[in-house]
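Presented below is the structure to which this report refers.
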Amino acid sequence: MKKFIALLLALVMVMGFAACANTTTPTEPTDPTQPSNPTEPTQGNTTTVMTHAEYLAAEEDAPVEIEAYVQATQSWYNDAIVIYAQDKSYGGYFGYNIPCSQEDAAKLVPGTKINIKGFKTFYKGMPEIAADGAVLTILEGEDTYIAPAEILTEKLGQEELVKHAGQFACFKGLTVKSITFKNDEPGDDIYVDFTLGDATYSFCVERYLTDPETDVYKDFVEGDVKVGDVVDVYGFVYWYDGINTHITEIS
């Protein structure tokens with residue numbers, strides 16, 4: 001009987017050792033800094049580019065992203081540039097002091113397609129993409145586009161005109177009322193008042209857009225355009241407590 005119990009105990013011990021020998025080694029914990037390669041999620045449509053209507057509807061300080069075509073720039077200065085841009089739906093955009101290298105500034109010729117991410121702001125009523133936080137991308141290899149001037153004469157005097165801010169436009173049949181040089185002499189901005197009917201509208205020859213060597217600047221300095229002339233005015237719709245178009249051409 002004792003031998004039977006001894007043999008039984010021995011058998012139980014052998015089985016216990018066998019069970020320990022067959023125990024599975026636990027998996028090492030995953031190092032969170034060195035993750036495995038999980039299946040990539042399906043990439044959906046992640047674009048955030050706005051239509052012009054969505055851009056107009058954006059509140060002040062809201063993040064915005066636009067794609068449009070450069071129509072003109074002001075002089076590059078201090079690693080930043082002012083951009084007048086437009087899309088093919090006549091939607092205009094004004095990027096104020098957008099961070100930009102001098103090398104990239106040289107690429108921003110009229111017609112070049114760009115992407116700007118940033119924040120919408122207003123200055124004296126002018127909707128613009130602010131300098132702070134703005135990121136400019138030149139979309140190389142894309143199509144180009146030069147916008148024709150849209151005739152906006154009938155919108156003068158209407159608050160709705162601000163929706164065209166940044167757009168290339170034409171105002172027909174205006175009469176030159178006054179010509180004033182900033183600092184009282186040529187070399188800087190030129191302020192030009194026009195009348196249409198009984199109303200007066202203030203426009204500007206922006207020195208950093210059309211400098212003293214351009215034809216339109218010389219037109220005012222040399223007297224080719226003078227008080228009393230009836231003219232068609234071309235330029236980019238700008239707002240400064242009211243319409244203040246940046247003039248690029250007079251005919």
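The values are calculated or read from the model by the stated rules, or taken from the named source; none is laboratory data. Keep in mind that this is a model prediction, so the values were computed, not measured. Note: ideal-geometry Cβ built from the backbone for every residue, glycine included; neighbour counts use all protein chains shown. To get the accessible areas, we keep the full protein, side chains included, count just its heavy atoms, and leave off ligands, DNA and RNA. Shrake-Rupley method; radii C 1.70, N 1.55, O 1.52, S 1.80 Å.
What do you reckon, is residue 69 within 14 Å of residue 129 (Cβ to Cβ), under 11 Å from the mean Cα position of the chain (by Cα), open to solvent by 10 Å² or more (accessible area, probe 1.4 Å) and of a type in the set (Ser, Thr, Tyr)? Walk me through how you get there before you give the answer.
Working: within 14 Å of residue 129 (Cβ to Cβ): no; under 11 Å from the mean Cα position of the chain (by Cα): yes; open to solvent by 10 Å² or more (accessible area, probe 1.4 Å): yes; of a type in the set (Ser, Thr, Tyr): yes.
Spelling it out, it is not the case that residue 69 is within 14 Å of residue 129 (Cβ to Cβ), under 11 Å from the mean Cα position of the chain (by Cα), open to solvent by 10 Å² or more (accessible area, probe 1.4 Å) and of a type in the set (Ser, Thr, Tyr).
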Which residue pairs have Cβ atoms under 9 Å apart, sit 6 or more places apart or on different chains, and have a first residue in segment 190-205 that is over 25 Å from residue 72 (Cβ atoms) and a second that is surrounded by 19 or more Cβ atoms within 10 Å (Cβ to Cβ) and at pLDDT 95 or above? 195/174; 195/176; 195/201; 200/194
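Answer with yes or no whether residue 242 is open to solvent by less than 40 Å² (accessible area, probe 1.4 Å), at pLDDT below 95 and either over 28 Å from residue 120 (Cβ atoms) or not basic (Lys, Arg) (or both). Can you show your working first?
Numbers: open to solvent by less than 40 Å² (accessible area, probe 1.4 Å): yes; at pLDDT below 95: yes; either over 28 Å from residue 120 (Cβ atoms) or not basic (Lys, Arg) (or both): yes.
Yes.
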List the number of the failed condition for residue 225; all other conditions in (1) part of a loop (DSSP other than H, G, I, E, B); (2) closer than 24 Å to residue 69 by Cβ; (3) open to solvent by less than 50 Å² (accessible area, probe 1.4 Å) hold. (2)
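Look at segment 73-113 and say how many of its residues are assigned to a strand (DSSP E or B) and buried (at least 21 other Cβ atoms within 10 Å of the Cβ). Step through it out loud before you land on a result.
Here is the first cut: in segment 73-113, the residues assigned to a strand (DSSP E or B) are 73, 77, 80-86, 92-99, 113.
If we keep only those that are buried (at least 21 other Cβ atoms within 10 Å of the Cβ) too, we end up with 73, 81-86, 92-95, 98.
Result for segment 73-113: 12.
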The correct count of residues that are open to solvent by 30 Å² or more (accessible area, probe 1.4 Å), touching a helix residue (DSSP H, G or I) at 6+ places or on another chain (Cβ under 6 Å) and part of a strand (DSSP E or B) in segment 144-195 is 4
Among the residues of segment 210-223, is there at least one that is more than 26 Å from residue 102 (Cβ to Cβ) and polar (S, T, N, Q)? no
Pair list, Cβ < 6 Å and 6+ apart or interchain, from segment 117-140 residues that are of a type in the set (Asp, Glu) and outside any loop (DSSP other than H, G, I, E, B) to residues that are at pLDDT 95 or above and open to solvent by 40 Å² or more (accessible area, probe 1.4 Å): 128/96
Name the pairs: first residue in segment 145-161 and free of Cβ contacts under 8 Å to residues at least 24 places away in the same chain, second residue open to solvent by less than 50 Å² (accessible area, probe 1.4 Å), Cβ to Cβ under 8 Å, at least 6 apart or on different chains? 148/168; 151/169; 151/170; 151/171; 155/161; 155/164
Assuming residue 59 fulfils every condition listed in (1) open to solvent by less than 20 Å² (accessible area, probe 1.4 Å); (2) farther than 22 Å from residue 169 by Cα apart from one, which condition is it? (1)
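Going by what's in this entry, would residue 48 be described as over 21 Å from residue 236 (Cα atoms), of a type in the set (Val, Ile, Thr) and within 15 Å of the chain's Cα centre (by Cα)? Give the derivation first.
Details: over 21 Å from residue 236 (Cα atoms): yes; of a type in the set (Val, Ile, Thr): yes; within 15 Å of the chain's Cα centre (by Cα): yes.
Taking the combined requirement at face value, the residue satisfies it.
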What about residue 16, is it modelled with pLDDT under 50 and loosely packed, with under 10 Cβ neighbours inside 10 Å? no
